[in-house]
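The values are calculated or read from the model by the stated rules, or taken from the named source; none is laboratory data. Being a predicted model, the structure only gives us computed values, none of them experimental. Positions of Cβ are generated from backbone atoms using ideal geometry, with glycine treated the same way; all protein chains shown enter the neighbour counts.
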Amino acid sequence: MTQNLTLESIGRLAGVSRSTVSRVINDQASVSPDVRDRVKEVIRLTGYAPNLAARSLVSGRTGVIGLVIPSRVHSLFEDPYFARLIQGISAASNPSGNTLSLFLFQNEEEESRLYPRVVTPGFLDGLVITATRMGDPLLARISNGEIPVVVVGRPDADGVSYVDVDNRGGAALAANHLCSLGYQRIGMIGAPTGTTAGADRLTGFVEGLAECDRVLQRNLREDGDFSESSGYEAMKKLIAREPDAVFVASDTMALGALRALKEQNIRVPEDIAIIGFDGLAPDRSSPILTTIRQPVMQTGSRAVELLNDLISGALAAPISEIMPVELVVGDTCGANLPEPRRKGSANEP
């Protein structure tokens, strides 16, 4: 019976000592390849499962990494971004032998009370944090380096390791694309500027327009909160101001914007062109959204890979990495029309 197996019994079956079995299980280097293979084969055939608590005492590791999603994220199970991000994090955790533990806080008071327990040494090997905001107190609490941490998204704090996507360059790419199609009155539905993603996408879009000798008119900008309903409400306000194209800083908000235009019988892209950001709109959407696609799953996986390197000591914090984005042309930007609609005059401050 596998529950009665011990290091000693595995050693007897493999013809080695208990300490040799322990070194194999803990992946220590002082074992010859043929002995290592023999011990692993016995473990495979017997179905032996090492005692995780004992293994932790030997290695100094728990084999558990945490994913913290802050309390202000109320759309976790509705937003496709988090579903794909968690999938990517999980995909990288499983092959590396880590157990992934998800930490969700109901409110900021609970977050403040329980977070110190999460970062207690010996509880987790490392931590991935996502959806932080500028001035986030979570980032201040991890600055003491008690355990390795990687943030998904650019933090506004020094000394913090992170993986982000090229929000700034992607937004500039969106602006360049709309300008190349001849649009003049180009508006924007922005993401919250209290997040670095929202701030970077705004900065990049303004820079992209400037490259085309255009500016973002003050009355052609409305901000949302990443939700579909906020994109809907923002577009309702912009319609009366007659933009001929709008960059929407998330695909979820872009779906809300498209719904507002459809209700007003405004044609897309003939009357108003739309471009989103994320690459998360369903392929079955009609019309198919033109967007700046970010590698969400790959970003989550890369965060775990970097975290493992920090845990093992292969890398030293802080480290940072920016993932590339790409333009995906659909039906909403007008690139597929014989002659994109160009109305209005050049943007003015």
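So which of LEU202, LEU173 ends up being touching a Gly at 6+ places or on another chain (Cβ under 6 Å) and assigned to a helix (DSSP H, G or I)? Reasoning before the result, please.
Details: LEU173 fails: touching a Gly at 6+ places or on another chain (Cβ under 6 Å).
After ruling out the rest, the residue left standing is LEU202.
When SER180 is tested against (1) of a type outside the set (A, V, I, L, M); (2) closer than 16 Å to ILE292 by Cβ; (3) buried (at least 24 other Cβ atoms within 10 Å of the Cβ), just one condition goes unmet, and that condition is (3).
Any idea which residue in the range 231-242 is surrounded by the fewest Cβ atoms within 10 Å (Cβ to Cβ), counting only those that are assigned to a helix (DSSP H, G or I) and touching a residue at least 40 places away in the same chain (Cβ under 8 Å)? Spell out how you get there, then give the answer.
First pass over the range 231-242, keeping only residues assigned to a helix (DSSP H, G or I): 231-239.
Subsequent filtering for residues that are touching a residue at least 40 places away in the same chain (Cβ under 8 Å) retains 231, 234-235, 238.
Details: GLY231: 30, ALA234: 24, MET235: 29, LEU238: 21.
Taking the candidates together, the pick is LEU238.
Consider the range 185-219 and keep the residues that are in contact with an Asp or Glu (Cβ under 6 Å, 6 or more places away or on another chain) and at pLDDT 95 or above. The one that is surrounded by the fewest Cβ atoms within 10 Å (Cβ to Cβ) is ARG185. Within the range 152-169, being within 19 Å of GLY194 (Cα to Cα), touching a residue at least 60 places away in the same chain (Cβ under 8 Å) and touching a Leu at 6+ places or on another chain (Cβ under 8 Å) holds for VAL152, VAL160, VAL163.
Kindly check whether there is at least one residue in the range 321-334 that is buried (at least 21 other Cβ atoms within 10 Å of the Cβ), small (Gly, Ala, Ser), touching a residue at least 40 places away in the same chain (Cβ under 8 Å) and not assigned by TED's automatic domain parsing to the domain that holds ARG84.
Initial filter on the range 321-334 (buried (at least 21 other Cβ atoms within 10 Å of the Cβ)): 325, 332-334.
The next check asks that each one be small (Gly, Ala, Ser); those that pass are 334.
This time we only want the ones that are touching a residue at least 40 places away in the same chain (Cβ under 8 Å), so: 334.
If we keep only those that are not assigned by TED's automatic domain parsing to the domain that holds ARG84 too, we end up with 334.
For the range 321-334, residues buried (at least 21 other Cβ atoms within 10 Å of the Cβ), small (Gly, Ala, Ser), touching a residue at least 40 places away in the same chain (Cβ under 8 Å) and not assigned by TED's automatic domain parsing to the domain that holds ARG84: present.
A count restricted to the range 139-155 and to residues that are out of contact with any strand residue (DSSP E or B) (no Cβ under 6 Å at 6 or more places or on another chain) and at pLDDT below 70 stands at 5. Considering the range 244-267 alone, what residues qualify as being in a helix (DSSP H, G or I), closer than 15 Å to THR290 by Cβ and of a type in the set (A, V, I, L, M)? MET253, ALA254, LEU255, ALA257, LEU258, LEU261, listed by residue number.
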